[in-house]
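A short write-up of the structure that comes next.
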Amino acid sequence: MEAQGLSKWFYLGLIAIVIGSVMIWRARGNNKSKAMENGYLLFILGCVGVVSEFTDFATVLLIFIIVSGVILLIDKLTWSKQRRKDQLKPHYVHYSREFFPVVLAVWILRSFLFEAYQIPSSSMRPDLTVGDFILVSKYNYGLRMPLTNKVVIPVNQVQRGDIIVFEDQTKPNRDLIKRVVGIPGDTVSYIDKRLRINGKTLTYANDGSYDYSETSSNGDILMHNQRWIENLTGVVHPIITNDQYPPVISEMVQNFPGKENCQYNDEGFTCKVPVGHYFMMGDNRDNSLDSRYWGFVPEQAILGKAIYVWMNFRDLSRIGTKIE
């Protein structure tokens, strides 16, 4: 019986590990053979698929760095001294030497500088659309310790209006992107589709309509929305709303830490943002599962600030779009 909760990538990873191991064994230690190269490629991809089921990709890279680094260290201290000068390095030493610098460079880049993500849903329309590949600055808010994600060298503070990527608070090993509408200490209200920050209602300018297609089990559905220009305490940006939906769908609100800081009614909600936490909302206000439903985002869950769209294969004109 299949283990509950394991994705198809886990089982594809297992298959890749088995096939890769067989190819490595059949190559008979020939480091330069295609079978050996392809076998190691399949083996590594399979390990990524399996291990990624239980942890994030950065940790997977770190595991590869540690394993290959240990192999190279043992070879330097012991195995190399036992080999004849004309004897080839074992294949596991050869490929550890090939992979170690590449994986280390990728891990440093992703952990401390930049990371790429793809927008999978319409929750951040109209600014970010499905298929956008975005670049996220990992150092904008400070240098963070790998694994713990704790800031060790602060740089900038998270501001209202920032579009950030953060760890999903309801599902492990998944990241989300939303806009910050409340910072620590703020009182955030969303009444009749209008935000209030610390008792002050934001200004909204009508900006026409915004239509897009949403794929469902019944086929494509045309979503008709009203487009507004929202002034989020100095950050001016577009949002969209749909009059067919209430400000909050009450039956979707979960029990989350700090929910006692919130009050919900038919007109909307009011929440007091706890210290060290942030309140996130999607710009597509009626098609976004956000802090209204699953609560506050702790500072330690923040991964970085979205800065540019670097690719969209469906719409090449979006390449280089600055995210604001």
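So the values come out like this:
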| item | result |
| --- | --- |
| Normalised convex hull volume, region 141-264, alpha-carbon set, Å³ per residue | 166 |
| Solvent-accessible heavy-atom area per residue, rounded to whole Å², over region 29-115 at 1.4 Å | 62 |
| Apportionment of accessible area to carbon and sulfur, region 227-286, percent (1.4 Å) | 49 |
| R0 of 41 Å, Cβ-Cβ distance residue 15-residue 201: FRET efficiency to nearest 0.05 | 0.15 |
| Mean Cα-pair separation over length for region 247-298, i.e. relative contact order, pairs under 8 Å, 6 or more apart, % | 39 |
| Convex hull per residue volume in Å³, alpha carbons only, for region 51-207 | 161 |
| Cβ-derived FRET efficiency at R0 22 Å, residue 275 paired with residue 155, nearest 0.05 | 0.65 |
| Proximal charge balance of residue 186 [Cβ under 9 Å; K/R count +1, D/E count -1] | +2 |
| Simple spin-label estimate for residue 293 and residue 102 in nanometres, 7 Å along Cα-Cβ | 4.0 |
| Descending semi-axes in whole angstrom, ellipsoid equivalent of the chain, from the Cα gyration tensor | 46, 22, 18 |
| Probe 1.4 Å, accessible area per residue of region 146-247, Å² | 54 |
| Relative contact order of region 208-324, pairs being alpha-carbon contacts under 8 Å that are 6 or more residues apart, as % | 16 |
| Principal axis dimensions, region 228-324 - Cα atoms, whole angstrom, descending | 44, 36, 27 |
| Placed amide H near residue 31: partners under 5 Å, 5+ positions off or other chain | none |
| For the chain, calculated [θ]222 nm from helices alone, where every DSSP H run of n ≥ 4 adds -39500 (n - 2.57) | -8000 deg cm²/dmol |
| Contact order relative to length of region 1-59, as percent, for alpha carbon pairs under 8 angstrom and 6 or more apart | 43 |
| Ranked packing of 302-314, 24-36, 223-235, most packed first, by mean Cβ within 10 Å | 302-314, 223-235, 24-36 |
| Cys residues of the chain counted as unpaired, since no other Cys beta-carbon is under 4.7 Å | 47 |
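The values are calculated or read from the model by the stated rules, or taken from the named source; none is laboratory data. Note that this is a predicted model, so its numbers are computed, not measured. Counting neighbours? That spans all protein chains shown, and the Cβs are built from the backbone with ideal geometry, glycine included. Areas reflect the complete protein model, heavy atoms only, side chains present, ligands, DNA and RNA absent. Shrake-Rupley method; radii C 1.70, N 1.55, O 1.52, S 1.80 Å.
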